[in-house]
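A.B. asks: Shown below is the structure under consideration.
The values are calculated or read from the model by the stated rules, or taken from the named source; none is laboratory data. Because the structure is predicted, anything quoted here is derived from the model rather than measured. Every residue, glycine as well, gets a Cβ built from its backbone with ideal geometry; the counts of neighbours run over all protein chains shown. Each accessible area value is taken on the protein alone, full model and side chains, heavy atoms only, with ligands, DNA and RNA left out. Shrake-Rupley method; radii C 1.70, N 1.55, O 1.52, S 1.80 Å.
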Amino acid sequence: KGKIEVLSRGKTVRREWVSKLWRRLRHWWLGPCGGLEVLRVAWPLMVSMGSGAVMHFCDRVFLSWYAPEAMAAALPAGVLHFTLLCFPFGIAIYVNPFVAQYEGAGRFDRIGRVVWQGVWIGVVVGPLFLATIPAAPAWFQSLGHSAELARLETLYYQVLTFGAGAWICGGAMSAFFTGRRQTRVVMWVDTSAALLNVFLDYAWIFGHWGLPRWGIEGAAWATVVSQWYRLGVYLWLLFRPHLREKYGIVSGLRVDPELLKRLFYYGAPNGLQLLAEVAAFTLMLLLIGRLGDEAMAATTAAFNVNSFAFIPTLGLGIGLTAIVGRELGRNRHDRAARATWSAVVLAWFYMGSIAMWYILTPDFFLLGYGAGMNPESFESLRRTTTILLRFVAAYCLFDAMNVIFAAALKGAGDTRYIFLANLTLSTPPVVIVWLGVHYFSLGLWGCWTMLTAWVYALGLAFLVRFLQGHWRQMRVIEHPPEELPET
């Protein structure tokens, strides 16, 4: 009888524990700013960013089929181009938290005006990029790469400059929809642009459908055309009648010095943070390029494969920035915190799953390369890239922390800390790799070890800052409203 009573109590305790766990999971999933709400906002952006990852993946695979040295040249040249774009682009896309907080505060008339401030940045910066075309050959020749690799890098970069202005302006316009949580619009526009890029890539690289066989130059022109197409679609959407009046799309079509200054105040650190992070990453790649074309090609392939995990997570981060901005615009910081932790769980589940596949089935992710490469060249690439994917798997969860907690801080306006943390934590790994490559024969594995340590440090730094809670009192808009009633 005593044993039966003990077993009965044990079953009751287990049932109560399971019931309590189920209630907590249900509240996490269905509650305000829970997993379902975050996913509803973020999944179109994850698809949008994922389509961009597929686009870049196809671009690199097509180039590997065309010539391995063309694939090796595309990554450093493309990353250098984006590095120069980072500062103005980081300011332009920071329109997102402004739109979200204005939306949360019910100040719709300010939304169109702040979007145009971001667009004007792209209008000014576009011609400046074209002015860098004559200097490009000297830049790439000074890196110590082979003459052919430097020539291809120069060509790829020079063509990409024709799409710089469209990229920045399109980023500001997409923030109009992202900040208002109309993320499906962004998904359809960006996905269609990515598909156009893939088709033009195939046609322009290999000379199909009446287009010339331009190789790496054709890949760059495909990117430029798709960026201008994206900008044109966003312009058409913005000027629809039901948006023009409510959000001041036409009346806000002018430079507002006060609002532009405010956008620079919060957006400039965002741009500098992006610049510091990408510049450090670019320097890492250029230093790895000194280890030889094979090391550069394997690194390119590993980062290209990892874009399937990392880039969609960026979409989750952008969606979280909009949610945090909206809730802070309503003075509901507890909901903003809840949304952040919901996003952390989603990001860890997604990236953790991908990391497991990197370890168990790395060959699956390299099938595209093997389909068009010489078998001997592919086998060498496969061996090295498989090991590099283990490094990626080791830092995936910390990369998720980096993206999510930084996105939450950006939604509040804590951009200065993010910039200073990136600058402080990015410098030592780059210096160590530079010294190692030049003076201590540091190999590819040593370079990737430093890269992994860098990602770990960033993830922990942003976690600590978020837990401190300073972001709860921050706002980017002028006059936040009084506490709103719960709905």
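A.B. asks: So is Thr424 open to solvent by 20 Å² or more (accessible area, probe 1.4 Å), closer than 18 Å to Ala268 by Cβ and either outside any helix (DSSP H, G or I) or touching a helix residue (DSSP H, G or I) at 6+ places or on another chain (Cβ under 9 Å) (or both) or not?
C.D. replies: Yes; evaluated as a whole, the condition is true for this residue.
A.B. asks: Out of Val114, Val185, which single residue is open to solvent by less than 10 Å² (accessible area, probe 1.4 Å) and part of a helix (DSSP H, G or I)? If you could, list the steps in order and put the result at the bottom.
C.D. replies: Values: Val185 fails: open to solvent by less than 10 Å² (accessible area, probe 1.4 Å).
That would be Val114, the only listed residue that is open to solvent by less than 10 Å² (accessible area, probe 1.4 Å) and part of a helix (DSSP H, G or I).
A.B. asks: Taking region 148-173 on its own, how many of its residues are within 20 Å of Met284 (Cα to Cα) and not charged (D, E, K, R)?
C.D. replies: Residues meeting the conditions: 6.
A.B. asks: Same structure again: Would you check which residues across region 353-378 are at pLDDT below 80 and either of a type in the set (Gly, Ala, Ser) or in contact with a Lys or Arg (Cβ under 8 Å, 6 or more places away or on another chain) (or both) and list them?
C.D. replies: Listed by number, the residues that qualify are Leu366, Gly368, Tyr369, Gly370, Ala371, Gly372, Ser377.
A.B. asks: Just wondering, is there one or more residues in region 118-134 that are of a type outside the set (Asp, Glu), open to solvent by 60 Å² or more (accessible area, probe 1.4 Å) and closer than 28 Å to Ala408 by Cα?
C.D. replies: yes
A.B. asks: Same structure, new question: Listed residues Leu160, Leu149; which is buried (at least 23 other Cβ atoms within 10 Å of the Cβ) and either within 24 Å of the chain's Cα centre (by Cα) or of a type in the set (A, V, I, L, M, F, W, C) (or both)?
C.D. replies: After applying the criteria, what remains is Leu160.
A.B. asks: Hey, among Glu69, Glu37, which residue is at pLDDT 80 or above, in contact with a helix residue (DSSP H, G or I) (Cβ under 8 Å, 6 or more places away or on another chain) and over 21 Å from Gly165 (Cβ atoms)?
C.D. replies: Just a single option satisfies the conditions, and that option is Glu37.
Let's see how each residue does on (1) in a loop (DSSP other than H, G, I, E, B); (2) in contact (Cβ under 8 Å) with a residue 24 or more places away in the chain; (3) under 16 Å from Val119 (Cα atoms):
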| site | (1), (2), (3) |
| --- | --- |
| Ser226 | no, yes, no |
| His242 | no, no, no |
| Glu258 | no, no, yes |
| Phe264 | no, yes, yes |
| Glu277 | no, yes, no |
| Ala295 | no, yes, no |
| Ala298 | no, yes, no |
| Gly319 | no, yes, no |
